[in-house]
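> To start, I am sharing the structure in question, which I have written as structure tokens.
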Amino acid sequence: MTRTEDFNETEIIKRILAGEKSLYELIVRRFNPFLYKVGRSYHYTHEDTLDLMQDTFIDAYRNLAAFEGRSGFKTWIIRIMLNNCYRGKEKPGFKNEIVQDVKENSKPMFTLPGNDTDRIIQNRELGNILERALAGIPLDYRMVFSLREINGLNVSETAGLLNISESNVKVRLNRAKSMLRNEIEKTYSAVDLFEFNLIYCDEMVERVKRKISEL
């Protein structure tokens, strides 16, 4: 028997639209880490990022029928998060913590084998150092770095989300790397940045489920 956890997003969406609302939990759990990284990379506090994530999941739920699959669901929902982050900057309630080689196959910034992710996650002080280092990069470069290196989107997807050319994506990514490389490339992996703890994941699932039940 196929487990629901193994369904792709298209299958999950079809079943949700057919009435199996509870399956939306799979969407929330699957994309929590990506949306969290986007919000934090946009320089929002942890609490404000959670609020933006909740808004994004609800917006996505309301518009599931409009998802046509022309881009990946990951790209689609990150676009919604980016829009919410942009609009959030205009709201007083949100508090902001306020030419290189452009080859697509250039060497990844973080290549250390055998990173001990659990150790890094547990060491919050070092994690905060990483977040502060990335926060010091201008937003245009920070968002390209977040989407490409942390969230794993390709050049085309990143260009579409940020409305810039693919060559600009490559240039900005390399410039972002050069700003960070000297300080952190020998110690950390990009995926360790802004790790979304399972405790927060469960919290977000419950928040979204409560909101959906009110729709």
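The values are calculated or read from the model by the stated rules, or taken from the named source; none is laboratory data. What you see is a predicted model, and the numbers here were worked out from it, not measured in a lab. Cβ: placed from backbone, ideal geometry, glycine included. Neighbour counts: every protein chain shown.
> May I ask you to list pairs of residues, at least six apart or on different chains, whose Cβ atoms are under 7 Å apart, with the first in the range 60-75 being closer than 17 Å to ASN8 by Cβ and the second being in a loop (DSSP other than H, G, I, E, B) and among the basic types (Lys, Arg)?
No pair meets every condition.
> Continuing with the same structure: Residues being at pLDDT 65 or above and over 22 Å from PRO138 (Cα atoms): count how many of those fall in the range 178-197.
Matching residues across the range 178-197 total 2.
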